[in-house]
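**Student:** This is the structure, below, for whatever I ask next.
The values are calculated or read from the model by the stated rules, or taken from the named source; none is laboratory data. All of these numbers come straight from a predicted model, not from anything done at the bench. Here Cβ is always computed from backbone atoms with ideal geometry, including for glycine, and neighbour counts include all displayed protein chains. When the accessible area is computed, the model is the full protein with side chains, heavy atoms only, and any ligands, DNA or RNA have been set aside. Shrake-Rupley method; radii C 1.70, N 1.55, O 1.52, S 1.80 Å.
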Amino acid sequence: ITDDFGTFDCSIGLTTEGLEQRYKVVEGVFSYLQMVSEKGIPDYVFEEIKILNKAGWDFMESGSPGEISSGLANNMQNYPPKKVISGPNLLENVDKDSTFRFLSNLTPENVLISVHSKDFMNNRDLLEEKWYGTKYSVVPIANDLLESWGGPGKLEELSLPLPNPYVPKDLSLKNSIIDGSERKIITPPPKVAFENEKF
């Protein structure tokens with residue numbers, strides 16, 4: 001994402017039958033986007049993202065100096081000074097209006113579909129990429145597909161996610177006591193789960 005350009009990537013693994021029906025799969029994606037636009041995104045989804053991002057931030061591993069410096073230099077283009085470090089890692093304020101404005105741009109007219117499969121290697125009209133010699137082809141999307149994707153039917157199998165009961169809300173240590181200035185962790189003794197002379 002830049003000041004004037006951004007992409008929303010959706011990657012889907014296909015079976016052999018799915019590859020043959022790939023345009024139906026794309027229609028299913030637009031059907032889901034339409035459902036989200038109509039029903040809205042539940043508040044608990046944003047809250048779960050906040051919690052998971054905070055956990056990732058609190059327990060983030062240190063990266064190499066090169067990775068950190070290049071990442072911070074990139075963040076300086078998109079965040080105010082106070083948010084250069086935490087900006088891309090923490091979700092603080094949810095702007096639903098911006099979310100739906102972004103969602104309104106995910107239309108068939110703006111889509112770029114890339115299909116990767118060895119099944120296409122036998123095509124005679126393949127082009128060859130200049131630097132790595134990768135075989136590829138470019139095919140315009142037919143108007144009838146654009147029309148069907150623009151007004152996809154509702155799929156009963158699709159639904160918004162339910163609240164995730166496994167999102168951690170408390171990551172503090174358990175079985176710990178404070179004795180003056182000394183912190184002691186009380187844990188039960190280990191148990192032998194499997195005993196064998198070879199181990």
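**Student:** Using a 1.4 angstrom probe on the protein heavy atoms only, line up PHE8, PHE120, PHE102 by accessible area, largest first.
**Tutor:** Largest accessible area first, the list is PHE8, PHE102, PHE120.
**Student:** Here's something else I'd like to know. With respect to the cross-link table entries LYS54/LYS191; LYS39/LYS82; LYS39/LYS96, which display a Cα-Cα separation exceeding 23 Å?
**Tutor:** Violating the 23 Å Cα-Cα cut-off are LYS54/LYS191; LYS39/LYS82.
**Student:** If you don't mind, there's one more thing I want to ask. Name the residue, out of TYR32, TYR44, TYR136, whose mean-square fluctuation peaks in a Gaussian network model built on the chain with Cα pairs under 10 Å.
**Tutor:** Result: TYR136 has the largest fluctuation of those listed.
**Student:** Additional query: Using a 1.4 angstrom probe on heavy atoms only, work out the carbon and sulfur share of the accessible area of the chain in %.
**Tutor:** Taking all protein chains in place, the chain shows 55 percent carbon and sulfur surface.
**Student:** Still on this structure, please answer the following. Treating cross-link reach as a plain straight distance, find the lysines whose alpha-carbon is under 16 Å from the alpha-carbon of LYS24, omitting any fewer than eight places away in the same chain.
**Tutor:** Excluding near neighbours in sequence, the set is LYS154.
**Student:** Pull out a ≥ b ≥ c, the square roots of the eigenvalues of the alpha-carbon gyration tensor of the range 1-157, then state rounded if a/c is under 1.5, prolate if not and a/b is larger than b/c, and oblate in the remaining case.
**Tutor:** oblate
**Student:** Say the dipole of the chain comes from +1 at the beta carbon of Lys and Arg and -1 at that of Asp and Glu; which of TRP57, LEU103, ALA142 then lies farthest toward its positive end?
**Tutor:** TRP57
**Student:** So how exposed is THR187, as accessible area in Å² (1.4 Å probe, rounded to 10)?
**Tutor:** 100
**Student:** Okay, moving on. Could you pull out the GluC sites (Glu not before Pro) across the range 26-120 that fall in loop regions by DSSP (anything but H, G, I, E, B) with no more than 15 other Cβ atoms inside 10 Å?
**Tutor:** Those satisfying the criteria are GLU61, GLU92.
**Student:** Per residue, how much accessible area does the chain have with a 1.4 Å probe, in Å²?
**Tutor:** With all protein chains present, the chain gives 85 Å² per residue.
**Student:** Which of the listed residues, SER37, ALA73, SER159, is farthest toward the dipole's positive end in the range 29-173, when Lys, Arg count +1 and Asp, Glu count -1 at the beta-carbon?
**Tutor:** Going by the Cα projections, it comes out as ALA73.
**Student:** Using a 10 Å cut-off on Cβ atoms, rank the peptides 69-81, 162-174 from the highest mean neighbour count down.
**Tutor:** The most tightly packed comes first, giving 69-81, 162-174.
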